[in-house]
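Report on the structure given below.
The values are calculated or read from the model by the stated rules, or taken from the named source; none is laboratory data. A quick note: this is a predicted structure, and the numbers were derived from the prediction, not measured. FYI the Cβ positions are ideal-geometry reconstructions off the backbone, even for glycines, and counts take in every protein chain you see. Quick note on the areas: whole protein, heavy atoms, side chains included, nothing else; ligands and nucleic acids left out. Shrake-Rupley method; radii C 1.70, N 1.55, O 1.52, S 1.80 Å.
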Amino acid sequence: MPEQHELVILLDGWRGWMPPEQLTPLLAGDWEPSPCESTPGVDPGYSVIAGLMHLPDERAVAHRISGAYEATPCQWMAGRDHVLLQASSPPTQAEASALASAASDALDGVAIRVEPDGIWCVDAGFDLHAPGPLGALGRNVGGVLPMSSTPVAAKQFFNLLQMVWHEHPVNEARARAGVAPINALWLSGRPHGAIVDPGSTSATLIQSSGRRARRLASSLQTTATSASGHTVLWLESVRDALLSGETSLSAAVREDLASLAQALASPLAAGQVSLIITGPDGARRLRRRAAPSGLKRLAKLLGQRTAPAKLAAHLFE
């Protein structure tokens, strides 16, 4: 018997941010908690995507998205003896162009570009090993990116960026408006020109509304698919919200909630479905099967049918 096709839905960053009551109404059917591997100290969402798409690691995910280093505009907030990586409201296209132009003029051998979809890309020769931005958000930069193992060229990049942007007109205007400055870029990925071969995989990434998912799907478009593989829906609006310091349910988040409801009600969802939700402390997974065997297994594991509220609690506990 061939393996049943699976739909995997990744709710990237929703754990600890999305109120559980938003998901409870969508958990109709027969679900059960399922193991979900998560590597400590990394960006949970990128780590999950790497595993699903058979990429080597989260750096390969960022590289596939940007072609080099994926750069996230942010604020490095200095404390007494540490520097915290803080979320920052994203710049407008005009602000981004001005900041990128000023940085490119000051940096030798490093190119910074801002794509029309708002993704920042940095072409550099140094090999920087750093987790994805959600793996570093709110943490001590020195702990996540130890200076002892950071290439000298990368240190120079960060230092020059701080100096160039410190009194830049964009940041002065943001200060007058009471908006946090953008004084740094967080880099995740690989040096320009690095080749990351995903190898063979039977996974298909749905080109959703998320810009990272669209880019990754495009970069892997030649990957072979098969009926025995799985289809991945990466919902990343909350990732953007976290990196922007947003706390409200934006139009993009509501659109992802609607996409989630539609996916769970689709004909494909009649087969095996996994729901993975990530947060700063890792990932949780639920699995649903329409076949009777799923009911039997659920009853054996939990002793009774689990209410949607309890399943949602498992995702957020």
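How many of the residues in the stretch 1-58 are open to solvent by 30 Å² or more (accessible area, probe 1.4 Å), outside any helix (DSSP H, G or I) and closer than 23 Å to Arg254 by Cβ?
Looking only at that region, the number is 5.
May I ask you to list the residues in the stretch 89-101 that are assigned to a loop (DSSP other than H, G, I, E, B) and of a type in the set (Gly, Ala, Ser)?
Ser89
Counting only residues that are among the acidic types (Asp, Glu), at pLDDT 80 or above and surrounded by 18 or more Cβ atoms within 10 Å (Cβ to Cβ), give me the helices (runs of 4 or more DSSP H) lying completely in the stretch 200-317 with at least 1 of them. Give the steps one after another, and end with the answer.
Values: elements: 211-219, 237-244, 251-265, 292-302, 308-316.
Result: 237-244, 251-265.
Does Pro116 satisfy being surrounded by 21 or more Cβ atoms within 10 Å (Cβ to Cβ) and either free of Cβ contacts under 8 Å to residues at least 24 places away in the same chain or not basic (Lys, Arg) (or both)?
no
I need the helices (runs of 4 or more DSSP H) fully contained in the stretch 136-191, keeping only those with at least 1 residues that are touching a Leu at 6+ places or on another chain (Cβ under 6 Å), open to solvent by less than 40 Å² (accessible area, probe 1.4 Å) and under 25 Å from Ser47 (Cα atoms).
141-144, 152-166
In the stretch 112-135, what residues are outside any helix (DSSP H, G or I), of a type in the set (Gly, Ala, Ser) and out of contact with any helix residue (DSSP H, G or I) (no Cβ under 6 Å at 6 or more places or on another chain)?
Gly118, Ala124, Gly125, Ala130
Just checking, how many residues over the stretch 66-88 are open to solvent by 50 Å² or more (accessible area, probe 1.4 Å) and either over 22 Å from Gly132 (Cα atoms) or in a loop (DSSP other than H, G, I, E, B) (or both)?
3
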